[in-house]
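Working notes, beginning with the structure itself.
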Amino acid sequence: MESNIKQRLNEFLIYKKIGQRTFERMVKLSNGYINNIKSSIGSDKLQNIIYAFPELNILWLLTGDGEMINTTQKSSKVEEPSIDYISNIDYKEKYLEVLEKYFVLNEEIRQLKSEPSQKKKQVVPSVQDVTA
């Protein structure tokens, strides 16, 4: 049976040995948020999870692909990060870039919707302007 985000998140909580309420407080979620997840997690909530639990593989949380925990080799010598780790970093950075663009575009849309009458006045000359 394929798991959903809510089930994977609960699996992570079991792994971390923390309760839902503790997790919700740590990630600044409302009480009972996890129990009310239907199919997805809001982008602002996801961002809080990324910051609070950087070891959690966000790709795994969202899709079920890969491992639950980001793995890094602990060694005294410096090594190149694995391809999976690089992809996960790129994914997080790209997600944050897209999220920022989303908010900027939504603000532009909101401004454009609030100014249609002003734009019309600038584009359409009045009758007096045409006859003068």
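The values are calculated or read from the model by the stated rules, or taken from the named source; none is laboratory data. Note that this is a predicted model, so its numbers are computed, not measured. Every residue, glycine as well, gets a Cβ built from its backbone with ideal geometry; the counts of neighbours run over all protein chains shown.
Any idea which residue in the stretch 1-28 is farthest from the chain's Cα centre (by Cα), counting only those that are in contact (Cβ under 8 Å) with a residue 60 or more places away in the chain and over 13 Å from PHE53 (Cβ atoms)?
So the residue we want is GLU2.
Pairs please, first residue from the stretch 102-122 and surrounded by 10 or more Cβ atoms within 10 Å (Cβ to Cβ), second anywhere and part of a helix (DSSP H, G or I) and modelled with pLDDT of 75 or more, Cβ atoms under 9 Å, 6+ apart in sequence or on different chains.
Hits for this filter: TYR102/SER43; LYS119/LEU112.
Counting just the residues of the stretch 1-44 that are within 17 Å of LEU96 (Cβ to Cβ) and crowded, with 17+ Cβ neighbours inside 10 Å, which one comes out modelled with the lowest pLDDT?
The selected residue is ILE41.
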